[in-house]
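Beneath this line is the structure, given in structure tokens, with notes to follow.
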Amino acid sequence: MATPLNPAVEARVDRLHAHGVVDMHFDMLMDLYDKRERAGVLEADYLPELEQGGVGILGAAIYIEDKYLPEQALRVALGQVARLYAEAEGSARFAICRSHAEIVAARAAGRVAVLITMEGVEPLGTDLNLLRVFYELGLRSVGLTHARRNMAADGGVFAPSGSSRHGLSDFGRAVVAECQRLGILIDLAHLNPAGVDELLATTSGPLIISHTTPRKFYDIERNSSDEHIRAVGRRGGVVGANAVLVSPRADDSTLDTYADEIEYLVELAGIDGVGLGFDFFEFIYRRWSEAERAELDGRLTRAYFLPDLSNHGHARNLTRKLIERGFADEQIAQILYGNWMRVFEQVLER
């Protein structure tokens with residue numbers, strides 16, 4: 001029998017979600033591209049869970065699967081953005097946003113605000129001019145890598161050690177400089193430790209980690225060291241808590257462990273430095289064949305999905321848990337949306 005909900009707690013959750021929770025990493029664009037023969041995917045496949053969870057702002061990532069590399073990277077990336085535009089223009093409930101002001105306006109109109117991000121700069125090849133093209137299309141956050149090497153940098157490996165000890169390439173440094181000039185957020189997620197060290201030493205202003213887990217919980221170089229988390233917090237940036245790589249063990253992959261992770265991030269980065277980057281992708285993983293799942297598990301790692309936090313419809317469960325843990329409403333509001341909104345205003349309004 002389900003535990004009865006506490007009306008006082010539910011009223012607090014309602015107030016905290018009224019602004020719209022920010023999830024700064026969601027692999028939605030690759031799914032839209034795969035479903036490009038359909039119309040109305042945003043409203044049919046996504047809106048119900050977003051509304052159920054009170055999620056109102058999404059970082060929607062351009063991500064290119066290995067099967068499209070290298071020749072089709074640019075074509076598929078543009079195809080993903082094109083499908084987002086077609087879907088958003090066909091819906092009164094979604095808005096592609098390019099600035100803090102546009103996000104605020106979209107939320108005031110009751111629309112889900114979508115911020116285009118990039119997870120790995122493979123679509124650029126080595127042509128810096130293409131970054132400006134994507135910027136004009138709405139790109140506002142760039143992570144240089146996923147788990148692989150590209151022309152800009154190396155990804156952190158899904159193991160306790162073994163990542164490249166090299167920092168960025170000259171092209172990677174040029175991409176970062178152009179991002180800072182244009183007002184594009186620089187995302188350290190997935191970057192190898194040497195690359196993170198270089199960016200912390202050579203850039204100015206807030207940096208973000210859109211979705212990560214402290215290595216204390218899952219000791220792989222894809223995740224973030226205590227030192228890097230503290231440094232992002234000191235810079236006024238935000239670290240998004242990843243709800244997928246919470247633990248390498250199925251038994252520990254729970255909502256309580258995720259709450260532990262958030263508490264630890266707050267300890268390291270400060271309450272001003274923590275947000276959410278759920279990285280929900282079970283809906284994609286479940287569509288794959290057994291062979292495709294086994295290939296991913298063997299190449300990267302086995303991802304354990306949290307039973308009560310595996311999609312946006314479950315977001316209220318997290319807020320209830322943070323209330324249970326004793327977080328004040330002001331602190332929860334910062335984690336759910338306030339910290340991300342502050343960084344959007346600082347960087348995107350240049």
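The values are calculated or read from the model by the stated rules, or taken from the named source; none is laboratory data. This one's a predicted model, so the numbers in the text were calculated from it and none came from an experiment. Quick reminder, even Gly has a Cβ in these numbers, built from the backbone with ideal geometry, and neighbours come from all protein chains shown. Side chains are part of the model used for accessible areas, which takes the heavy atoms of the whole protein and leaves out ligands, DNA and RNA. Shrake-Rupley method; radii C 1.70, N 1.55, O 1.52, S 1.80 Å.
Things to note:
- Long-range neighbours under 7 Å by Cβ, at least six apart or interchain, first residue buried (at least 16 other Cβ atoms within 10 Å of the Cβ) within region 88-105, second among the hydroxyl-bearing types (Ser, Thr, Tyr) and at pLDDT 95 or above: 96/85
- Residue 212 satisfies every condition listed in (1) open to solvent by 50 Å² or more (accessible area, probe 1.4 Å); (2) at pLDDT 95 or above except (1).
- Selection count where residues are open to solvent by 10 Å² or more (accessible area, probe 1.4 Å) and among the aliphatic types (A, V, I, L, M), scope region 58-87: 5
- Applying the condition of being in contact with a strand residue (DSSP E or B) (Cβ under 9 Å, 6 or more places away or on another chain) and in a strand (DSSP E or B) to region 272-310 and asking which residue is surrounded by the most Cβ atoms within 10 Å (Cβ to Cβ) yields 275.
- Which listed residue is open to solvent by less than 30 Å² (accessible area, probe 1.4 Å), among the aromatic types (Phe, Trp, Tyr) and either modelled with pLDDT of 95 or more or assigned to a loop (DSSP other than H, G, I, E, B) (or both), from 134, 158: 134
- Scanning region 58-70 for residues that are assigned to a loop (DSSP other than H, G, I, E, B), over 29 Å from residue 275 (Cβ atoms) and modelled with pLDDT of 95 or more returns a single hit, 69.
- Any hit, region 11-32, residues being over 27 Å from residue 321 (Cβ atoms) and open to solvent by 20 Å² or more (accessible area, probe 1.4 Å): no
- Residue count for region 311-336 under the criterion of being small (Gly, Ala, Ser) and either assigned to a helix (DSSP H, G or I) or buried (at least 18 other Cβ atoms within 10 Å of the Cβ) (or both): the result is 3.
- Hey, residue 165 in a loop (DSSP other than H, G, I, E, B) and under 18 Å from the mean Cα position of the chain (by Cα) or not: no
- Residue that is farthest from residue 248 (Cα to Cα), among those in region 201-215 that are in contact (Cβ under 8 Å) with a residue 12 or more places away in the chain and outside any loop (DSSP other than H, G, I, E, B): 202
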